[in-house]
Amino acid sequence: MNEALGILEVTGLTPAMVALDAMDKASGVRVLQTESNDFYGVVLKVTGSQADVMAAMAAGRSAAEQMGGKPVGTVLNRPDERAWPALESKVEISPLIQQAIVKVPNYEDGGHSPPYEKLRKGSTMADNISALGFIETQGFTAVFEAIDTACKAANVEVLGKEKLGGGYVTVVIKGDVAAVKAAVEAGVAKVGGLGKLIAGHVIARPSAAVLSLLPK
């Protein structure tokens with residue numbers, strides 16, 4: 001096991017993915033897993049050297065704060081072996097939302113974190129993903145209206161829908177940067193009185209860590 005474990009808890013899936021993107025691009029950490037709680041939060045767990053984890057955590061905190069994600073985090077240096085049964089959770093499916101609440105990254109090279117460019121070049125996962133768009137609301141009606149508007153506004157593809165509990169639901173789209181920006185802007189504008197907008201965001205050149213956790 002690597003020297004340090006970074007734990008960053010963020011409110012909302014979109015702020016969490018933006019934080020993870022910043023963490024992965026900031027230093028050579030590896031995503032261990034993500035875990036959702038029952039209060040709209042996503043816990044990001046990353047491993048690596050203490051210096052890399054500290055740098056990643058600083059980048060992640062900053063990104064999450066800018067998104068209003070209320071980040072809380074810590075770095076455990078050389079976690080005690082006896083603590084790992086609690087620190088590393090088994091993959092778990094929530095019977096309430098019928099989705100995984102503990103996820104492990106799906107890196108395409110057998111589970112080892114690949115270099116960013118290696119993943120992007122010649123990878124089916126990264127194929128045609130110049131940008132990712134996230135529209136997150138509290139309430140299904142709002143996100144359904146938003147994603148229909150987004151798809152009508154630009155040439156984008158829906159990758160999937162993620163539920164977080166508490167009525168939080170996120171739709172993830174991909175396409176070129178201009179199209180994704182136009183789609184997200186159009187979708188967010190339609191949320192209005194249909195529900196609460198949690199986040200609308202575009203990640204250009206998404207990192208390996210984010211790509212490894214995309215909805216299937």
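Tabulated data
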quantity	calculated
The one condition in (1) at pLDDT below 95; (2) in a loop (DSSP other than H, G, I, E, B); (3) open to solvent by 30 Å² or more (accessible area, probe 1.4 Å) that Pro215 fails to fulfil	(3)
All positions within segment 78-117 that are assigned to a helix (DSSP H, G or I), modelled with pLDDT of 80 or more and surrounded by 11 or more Cβ atoms within 10 Å (Cβ to Cβ)	Ala83, Trp84, Leu87
Any hit, segment 158-167, residues being open to solvent by less than 10 Å² (accessible area, probe 1.4 Å), outside any loop (DSSP other than H, G, I, E, B) and over 21 Å from Lys70 (Cβ atoms)	no
Only listed residue being in contact with a Ser or Thr (Cβ under 8 Å, 6 or more places away or on another chain), surrounded by fewer than 23 Cβ atoms within 10 Å (Cβ to Cβ) and without any contact (Cβ under 8 Å) to a residue 40 or more places away in the chain, chosen from Ala186, Ala204	Ala186
Pair list, Cβ < 6 Å and 6+ apart or interchain, from segment 90-114 residues that are of a type in the set (Ser, Thr, Tyr) to residues that are open to solvent by 50 Å² or more (accessible area, probe 1.4 Å) and modelled with pLDDT of 60 or more	Ser113/Arg30
Residue within segment 20-34 that is in contact with a His (Cβ under 8 Å, 6 or more places away or on another chain), surrounded by 24 or more Cβ atoms within 10 Å (Cβ to Cβ) and part of a helix (DSSP H, G or I) present	no
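The values are calculated or read from the model by the stated rules, or taken from the named source; none is laboratory data. Worth saying up front: this structure is predicted, and the values here are computed from it rather than measured. When we count neighbours, we look across all protein chains shown, and the Cβ atoms used for this are built from the backbone with ideal geometry, even at glycine. Each accessible area value is taken on the protein alone, full model and side chains, heavy atoms only, with ligands, DNA and RNA left out. Shrake-Rupley method; radii C 1.70, N 1.55, O 1.52, S 1.80 Å.
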